[in-house]
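The values are calculated or read from the model by the stated rules, or taken from the named source; none is laboratory data. Everything numeric in this text was worked out from a predicted model, so none of it was measured. Side chains are part of the model used for accessible areas, which takes the heavy atoms of the whole protein and leaves out ligands, DNA and RNA. Shrake-Rupley method; radii C 1.70, N 1.55, O 1.52, S 1.80 Å.
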Amino acid sequence: MSNTIHELKTDPDPFYAVVEGVKRFEIREDDRNYGIGDQLRLKEFNRERGKYTGREFLTPCIRVIVGGYGLREGYVALGW
């Protein structure tokens, strides 16, 4: 299991959907060498105020899809 923790800035609406268990994946730019077993720390960010709210959601990454499946080049789907 990887000890890598990826901190990901997340807007309030999708963050709420994650916390409620409605959203179980994230589409991100493939710029961090994501791997199964990595930890994803989603950090709620208020764009209007330009700062983090302090709310976080930490989960292990259990699925990484790179390319194909309708993903644009250079993007990855991360599941938890």
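For the range 1-25, name all the residues that are of a type in the set (A, V, I, L, M), more than 10 Å from the chain's Cα centre (by Cα) and at pLDDT 95 or above. Matches in the range 1-25: I5, A17, V19, V22.
Residues that are of a type in the set (F, W, Y) and open to solvent by 100 Å² or more (accessible area, probe 1.4 Å) were ranked within the range 26-80; the one that is farthest from the chain's Cα centre (by Cα) is Y69.
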